[in-house]
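What follows is a short report on a single structure.
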Number of protein chains: 2
Amino acid sequence: MQSLLRNFKVVIHESLYLKDPETSDLGKNIVGESILLIDEIGFEKFTFKKLGSRIGSNESSIYRYFENKHKLLLYLTSWYWAWMEYKLVFRTANLNDTQEVLRTAIEVLSEETKQDSDFSHVNEKILNAIIISEFSKSYLTKEVDKENKEGCFSIYKRLVGRFENIIQNAQPNYPYVESLASMVIEGVLHQHYLKQHFPSLTSCDETTMPHEFFTHLVFSTLNLSTHE
Amino acid sequence: MQSLLRNFKVVIHESLYLKDPETSDLGKNIVGESILLIDEIGFEKFTFKKLGSRIGSNESSIYRYFENKHKLLLYLTSWYWAWMEYKLVFRTANLNDTQEVLRTAIEVLSEETKQDSDFSHVNEKILNAIIISEFSKSYLTKEVDKENKEGCFSIYKRLVGRFENIIQNAQPNYPYVESLASMVIEGVLHQHYLKQHFPSLTSCDETTMPHEFFTHLVFSTLNLSTHE
DNA sequence: GCAATAATAATAGTAATACTATTAATTGTA
DNA sequence: TACAATTAATAGTATTACTATTATTATTGC
């Protein structure tokens, strides 16, 4: 997988940037370091000025790549979901059994990113961490409908759509595919967050992984046995 | 219920305010109008200055009640969850069957607030709307652990705890109560948001209510029949 | 009814944010 | 070498998120 990922280039909707950050060292640096800085100080306190001084570059140079920090967040989240989609498709590719596909999909969606796969300027482990705490902020805004029309969330929606298909294939009669798919993808992030900050509100800990909870949930909701 | 609610006074942890807004007209006005203003322009663009000019009062006067806008949001969300807890307890009070209690609880948690119950300065319908789009922002911050220790989220945690008990009573063997409870409460808000802004990602629409999806989900996960 | 006290309003001021605009310096490429 | 594109540096603006001070208005205690 490592080597395959080396050839993986994320295609991000061009309304999310002014200049494609993949086309220059500065651009890659902006993306790579913004992930680390957002993780350290949180999105609210993150500014282009701070990022500039961190990468030894100027505030205004960053503005040539991204309109503002919100668009940068949209870029990073799109990157993450494109990467997740890639993992999902790859890991379920050669499976024949629809239930096996479903089980694997839930695993891919809910597993922690253990280590930086290190095929690019992006640290996926830390990107995963900021998705858990910042993703919601990318769409819980007053501009959501406008940005949605512009295609800012298309990668995420495509991923949810893929997961919907996987669910539907495993259980063609289930009537709430869309809600189940979106709830699991969002719920996984939420459970990871609770594990870190509100342990009393989750059953997930060192011994119980989110994926166990979600596998049980989805399979019993779909009236399928988990073979466990 | 209307008349009972008239006697209902929400007790909010005092670390969330500098001066209890319930003790003056200005305070009540701050709370009441902040809900409307946040709903109109969104939490990011909401400022005490704008609120001040809206209520014909001064910015600095608002600072005597709330340390900053984040604390005000914590106050409003606590108020909402306290009100929800009240509705939950009240509506499940005289039910004997544990499954009936569970069904009702899911209904209370996932139903839309249809109209302002008008027993206070708070418009619950609009408060419900801002909870859907702003609640996550109250805890997805770098200060979450510190504020959690101070008790800022205790009402919410208590509500989740109550729902956990309801689930556990209906099915004592279920191993993921905490996660199921927290996921449903959060998931309800998420499905409502999707319904408004990403209809393709949810099965909920004019004819299908979130509560149907969640009832089916919870009952099948707990291996209980829904009698439907 | 008056004084004391508390609450509110008005004003001013600060550091930081979220940008935009202009010009200068550097680098790549034909 | 030249000229185009990129990046850096500087400056500037309006707004935000406050704090501090003083003035005014209400409330309550005696």
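The numbers here are math on the coordinates, done by the rules we state, and not lab data. Keep in mind that this is a model prediction, so the values were computed, not measured. Because the Cβ atoms are built from the backbone with ideal geometry, glycine has one as well, and the counts that use them run over all protein chains shown.
Here are the numbers:
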item: Axis-nearest residue in chain A [Cβ, rotation onto B], distance in whole Å; result: A:136, 2
item: In degrees, nearest ten, helix A:98-110 long axis to first principal axis of chain A (Cα); result: 40 degrees
item: Angle in degrees between helix B:124-139 and the longest Cα principal axis of chain B, rounded to the nearest 10; result: 90 degrees
item: ³J(HN,Hα) computed for each position of region A:182-195 - Karplus, 6.51 cos²θ - 1.76 cosθ + 1.60, integer Hz, glycine/proline x; result: 5, 5, 5, 4, 6, x, 4, 4, 4, 5, 5, 5, 4, 4
item: Shortest-first distances to equivalent copies, position residue A:125, nm, label 7 Å out along Cβ; result: 5.1
item: Dipole moment magnitude, nearest 20 debye, the protein assembly as shown about Cα centre, only Lys, Arg, Asp, Glu C-beta charged; result: 1120 debye
item: Chain B: angle of helix B:69-92 to the longest principal axis, Cα-based, in degrees nearest 10; result: 40 degrees
item: Radius of gyration and maximum dimension Dmax of region A:115-228, Cα, Å; result: 16.2, 45
item: Dipole of region B:2-221, positive end: most advanced residue of B:89, B:154, B:23 [Cβ charges, Cα centre]; result: B:23
item: Value in Å of the Kirkwood radius, where region B:102-161 supplies the Cα pairs that are averaged; result: 13.5 Å
item: Debye-sum result for region B:29-71 in log10 I(q)/I(0), which assumes one identical scatterer on each alpha carbon, at q = 0.15, 0.16, 0.30 Å⁻¹; result: -0.28, -0.32, -1.21
item: Protection proxy ranking, peptides B:91-99, A:106-114, B:9-17, average beta carbon neighbours within 10 Å, highest first; result: A:106-114, B:9-17, B:91-99
item: Estimated 222 nm signal from helices in chain A, with DSSP H stretches of n ≥ 4 weighted -39500 (n - 2.57), rounded to 500; result: -20000 deg cm²/dmol
item: Computed Rg/Rh of the protein assembly as shown, alpha carbon atoms with Kirkwood Rh; result: 0.97
item: Mean separation of Cα contacts under 8 Å, 6 or more apart, over the residue count of region A:12-65: relative contact order %; result: 36 percent
item: Residue B:196/residue A:158 FRET efficiency (R0 25 Å; Cβ-Cβ; nearest 0.05); result: 0.75
item: Cα-based convex hull, region B:2-221, per residue volume (Å³, whole number); result: 136 Å³
item: Whole-Hz couplings from phi, Karplus 6.51/-1.76/1.60, listed for region B:208-213; x for Gly and Pro; result: 9, 8, x, 5, 5, 4
item: Shielding by other protein chains, B:202-210, mean Cβ within 10 Å; result: 3
item: Label-point separation, residue B:142 to residue A:60 (7 Å along Cα→Cβ), nm; result: 2.7 nm
item: Dipole of the protein assembly as shown, positive end: most advanced residue of A:75, B:208, A:102 [Cβ charges, Cα centre]; result: A:75
item: For region B:35-147, alpha-carbon Rg relative to the globular expectation (2.2 N^0.38 Å, N residues); result: 1.25
item: Links that overshoot a 24 Å alpha carbon limit, given the list B:69/B:149; A:50/B:137; A:45/A:87; result: A:45/A:87
item: Relative contact order [Cα under 8 Å, 6+ residues apart], region B:2-221, whole percent; result: 22 percent
item: Student exercise, region B:2-221 dipole from Lys, Arg, Asp, Glu Cβ charges, in Debye to nearest 20; result: 540 debye
